[in-house]
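Student: A single structure is presented below for examination.
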């Protein structure tokens, strides 16, 4: 059984169907890209998977358990953690304290949490930021901190919601390499990302949604040549991707 199994989840907001019978799966250690136009339902799908929204229909299974309707903290305890498109640090706390908050997912011991936080900070190359206030960090620093916080929860899988939005090309390349290193630890990843360079560099498979419905799924090289995907999302970008 896949690590994550999403079966026909649907979410409505009044008369709007934001996600319509979406199914997908992610194996342990796999990187799946979730792409589509703005408003396609990607973040809504993330919110249902991670417990922020309860699906109106369908089921979500993680690591063999039905987690449909579970609270976000319960989902995180099971090993499924997510970042947010708009990063949410605790601005008046230091970087170390922010990462320790994540570590408390597995321990109540301050010393253990501090040790785990420092391990993650070193892994991410953030040693020079340890005592800085999170609110003083650059965009790239806050993005990296967001990843540090979720890694400290000791996840089996990460949901990354546009983790590279707003970054410069060199910063994007650094996060791509970081995601590869995370994947090498057998942590599965589900990526929502608009930067096709990132998806093409990282994803083992891609799922494309449009108006809340899945319109394509497969290996990146095949999906970007799918005419329905080109018409709905890629457009002229497809030529750049192929080039």
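Student: Between 79, 166, 58, which gets the highest mean-square fluctuation from a Gaussian network model of the chain, Cα cutoff 10 Å?
Tutor: 166
Student: What percent of all Cα-Cα pairs in region 134-243 falls in each 10 Å bin, counting up from 0?
Tutor: Result returned by the calculation: 13, 43, 32, 12, 1.
Student: Let me ask you something else. Taking 8 Å as the Cα distance limit and 6 or more residues as the minimum spacing, I'd like the relative contact order of region 11-57 as a percentage.
Tutor: 42 percent.
Student: What FRET efficiency, computed as 1/(1 + (r/R0)^6) with R0 = 30 Å and r the Cβ-Cβ distance, is obtained for residue 107 and residue 181, rounded to the nearest 0.05?
Tutor: For residue 107 and residue 181, the calculated efficiency is 0.80.
Student: If you wrap a convex hull around the Cα atoms of region 21-119, how much volume per residue is inside, in Å³?
Tutor: 137 Å³
Student: Grab the eigenvalues of the alpha-carbon gyration tensor for the chain, scale each by 5, take roots, and send me the semi-axes largest first in whole angstrom.
Tutor: 29, 22, 16
Student: Give me the Å³ per residue figure for the convex hull around the C-alpha atoms of region 56-170.
Tutor: Given the Cα convex hull of region 56-170, per-residue volume reads 125 Å³.
Student: Enter the angle in degrees (range 0 to 90, nearest 10) between the Cα long axis of helix 169-183 and the first principal axis of the Cα atoms of the chain, meaning the one along which they spread out most.
Tutor: Its long axis makes an angle of about 90 degrees.
Student: Also, I was wondering about something else. Do the sum for the chain: with -39,500 (n - 2.57) for every DSSP H run of n ≥ 4, divided by all residues, what is the mean residue ellipticity at 222 nm, to the nearest 500 deg cm²/dmol?
Tutor: Computed ellipticity for the chain at 222 nm equals -9500 deg cm²/dmol.
Student: Note the per residue figure in Å³ for the convex hull of the C-alpha positions in region 59-114.
Tutor: About 101 Å³ per residue, rounded to a whole number.
Read-outs: derived from the displayed coordinates by stated rules, not from any lab. It should be emphasised that the depicted structure is a prediction, and the values quoted were computed from it without experimental measurement. So basically every Cβ, Gly included, is an ideal-geometry build from the backbone, and we count neighbours across all protein chains shown.
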